[in-house]
Amino acid sequence: MKPVVPDLPPNAPRTSGNALTRWIGRSVLRVGGWQMCGDWPDVAKVVVIVAPHSSAWDAIWGIAAKVAMGLEIVFIGKKEAFWGPIGWLLRTFGGVPVDRSAPAGTAGQVARQLRESERMWFVLAPEGTRRHVDKWKTGFWKIAKDAQVPVFCAWFDYPEKKIGLGPLVELSDDMEADIIRIRKLFSGYRGKHRGA
């Protein structure tokens, strides 16, 4: 049987999970019919962007994949989602609540944390919402540039039930050109409700 998730490279940050939790993550993906393709980069620090983000189901499959690999990855989410047992679970899986009505300073804080960490993979959806947007948010670029780390692309393709990995992108000094170039890498992939 083909593995559902790839092996992690040596520099990837790992959780304190165990064989049972990884089995649970792989089982959730198998039951849902999902599989990962591609490989992670062997880097200690990176900003991972995931698109298209069109459904709350993205978090379910993404967290299942994270648990299945034993990957330690940090993500942010709207503070309204971090309530009760759901909030506890999100925090357990690496979630950090943010107040989207006061975004000033969030990118700088994440970039500082990346710079100061020995190993840290930070993930976010560049669209910033599940709705269609004509322009991606620039936060991922600012965080990666400020922290002097590359950007790694991961994608959902619901028709094929695949979570894809790659490529790793080094940024230039031209934010607008970089975002256009990176967004083109996601063309052809379809989220639950729309393309990238």
- Whole-Å semi-axes of the ellipsoid equivalent to segment 102-196 (Cα gyration tensor, √5λ, descending): 23, 15, 14
- Positive end of the charge dipole of the chain (Lys, Arg +1 and Asp, Glu -1 on Cβ, about the Cα centre): tell me which of Ser27, Val47, Pro150 has its Cα farthest that way. Ser27
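Of all DSSP beta bridges located in the chain, what percent are antiparallel, nearest 5? Working shown, then result.
Numbers: 8 of 27 bridges.
If we restrict to bridges inside the chain, about 30 percent are antiparallel.
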- Message: For the chain, set up a GNM with springs between Cα atoms under 10 Å and report which of Asp58, Asp39, Asp134 has the largest fluctuation.
- Response: Asp134
- Do the sum for the chain: with -39,500 (n - 2.57) for every DSSP H run of n ≥ 4, divided by all residues, what is the mean residue ellipticity at 222 nm, to the nearest 500 deg cm²/dmol? -10000 deg cm²/dmol
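Over segment 19-184, what relative contact order in percent results from Cα pairs under 8 Å that are six or more residues apart? Show your work: numbers first, answer last.
Values: 256 pairs, mean separation 53.2, N = 166.
That works out to 32 percent.
Each reported figure results from applying straightforward, stated rules to the coordinates on display, with no laboratory input. Everything numeric in this text was worked out from a predicted model, so none of it was measured. Because the Cβ atoms are built from the backbone with ideal geometry, glycine has one as well, and the counts that use them run over all protein chains shown.
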